[in-house]
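Just below is one structure, and these are the notes that go with it.
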Amino acid sequence: MRIDIHVHDTEPIELLLSSMERNGFDQAFVCSSAVAKGEKVRSLADAKAVLGNVARAQTAEGSKRSVQEVNLALAEKLTPYAGRLFGFGKVDLYDREIEAQMQSIVDAGLYGVGEIIGIHEHVDLLRPVLSFSQTQGSFPVFIHCDFPVEKEDLHALFDLIGEYPVARVIVGHLGGNHWIDALERVADLDNCIIDISEVVNYVPLSVAITEYPEKIAFGSDFPWDLQEVNLARLNQMDLDDKTKGHVLGQNVQRFLEWNHE
Ligand SMILES: [Zn+2]
């Protein structure tokens, strides 16, 4: 069973499904996306428009639609793909009613929370999210951990993760430029797994899988990046089938006690 633990909702959803078909993925964890849904971003103007939206989405007043609306829309959209596409709900860290938001994600029938953005200099805002995941048991939390997340944020995050041993945390993008810190810190934590989408380049990925083959899970960040990219990197690594199987699905299945065959 091949699982891509990090993709975004596309418009149409067939964009995602055909990529999964092409690359042999059985399941994917789907985060909502207020900005890019697979539209062609070719020109500088397109890019500035999309990235401008991203920047706005990272601020408190960024999103026009309520979090609940976004989550219900995602759950509804993914219903026809039960068993293949597993929605992750959006949470607004600046909203004081975080527990209520998290509960509404569970009530909407979503499988996890993420991609959580906005932790730069605000890691403490994650506490109620991890506390909720702890009470829910195996309720995954996907956290965006490359730019603008800094080294200090990453260490504060790992300190916080250590306080919630039953929570289930996915450290996104292998910690970005701070991948060495991320790998050294994940070593002592059983409640944390590393996503490889948007990894800086081949070297960090190769080091990560060599050092911690049981803690690394395949992610692509589609449609921001292509599923083919990290698959090509894996194929260049001369991994035995067992290790490849672990990275491509078994690690996250074990980590989440995932029984959605
Ligand atoms: Zn993403």
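The values are calculated or read from the model by the stated rules, or taken from the named source; none is laboratory data. Model, not experiment: these values are computed from the prediction. No Cβ is skipped: glycine too gets one built from the backbone with ideal geometry, and neighbour counts run over all protein chains shown. When the accessible area is computed, the model is the full protein with side chains, heavy atoms only, and any ligands, DNA or RNA have been set aside. Shrake-Rupley method; radii C 1.70, N 1.55, O 1.52, S 1.80 Å.
Structure summary
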read-out	value
Out of 228, 198, sole residue that is among the charged types (D, E, K, R), more than 25 Å from residue 134 (Cα to Cα) and within 16 Å of the ligand (Cβ to nearest atom)	198
Count of segment 201-225 residues which are away from the ligand (no atom under 16 Å from the Cβ) and among the aromatic types (Phe, Trp, Tyr)	2
Filter result for residue 96 (open to solvent by 50 Å² or more (accessible area, probe 1.4 Å), in contact (Cβ under 8 Å) with a residue 40 or more places away in the chain and out of contact with any Lys or Arg (no Cβ under 7 Å at 6 or more places or on another chain))	no
Residue 119 being within 16 Å of the ligand (Cβ to nearest atom), open to solvent by less than 10 Å² (accessible area, probe 1.4 Å), touching a residue at least 12 places away in the same chain (Cβ under 8 Å) and not in a loop (DSSP other than H, G, I, E, B)	no
Condition check for residue 182: open to solvent by 10 Å² or more (accessible area, probe 1.4 Å), among the small types (Gly, Ala, Ser) and farther than 17 Å from residue 4 by Cβ	no
Which numbered condition residue 221 misses (of (1) more than 24 Å from residue 136 (Cα to Cα); (2) crowded, with 19+ Cβ neighbours inside 10 Å; (3) more than 18 Å from the chain's Cα centre (by Cα))	(3)
Set 133, 138: member being part of a loop (DSSP other than H, G, I, E, B) and among the polar types (S, T, N, Q)	138
Residues of segment 160-181 satisfying the condition of being more than 16 Å from residue 127 (Cβ to Cβ) and within 16 Å of the ligand (Cβ to nearest atom)	170, 171, 172, 173, 174, 175, 176
Filter result for residue 142 (open to solvent by 40 Å² or more (accessible area, probe 1.4 Å), within 14 Å of the ligand (Cβ to nearest atom) and either within 17 Å of residue 220 (Cβ to Cβ) or at pLDDT below 95 (or both))	no
Only one of 146, 159, 188 that is in a helix (DSSP H, G or I), touching a helix residue (DSSP H, G or I) at 6+ places or on another chain (Cβ under 9 Å) and of a type in the set (Asp, Glu)	159
Some residue of segment 232-240 being at pLDDT 95 or above, assigned to a helix (DSSP H, G or I) and either in contact with a Pro (Cβ under 9 Å, 6 or more places away or on another chain) or surrounded by 15 or more Cβ atoms within 10 Å (Cβ to Cβ) (or both)	yes
Test: residue in segment 230-240 that is basic (Lys, Arg) and closer than 25 Å to residue 40 by Cβ	yes
Residues of segment 191-218 that turn out to be open to solvent by 40 Å² or more (accessible area, probe 1.4 Å) and assigned to a helix (DSSP H, G or I), as a count	5
Complete set of residues in segment 202-233 that are under 12 Å from residue 5 (Cβ atoms) and among the small types (Gly, Ala, Ser)	217, 219, 220
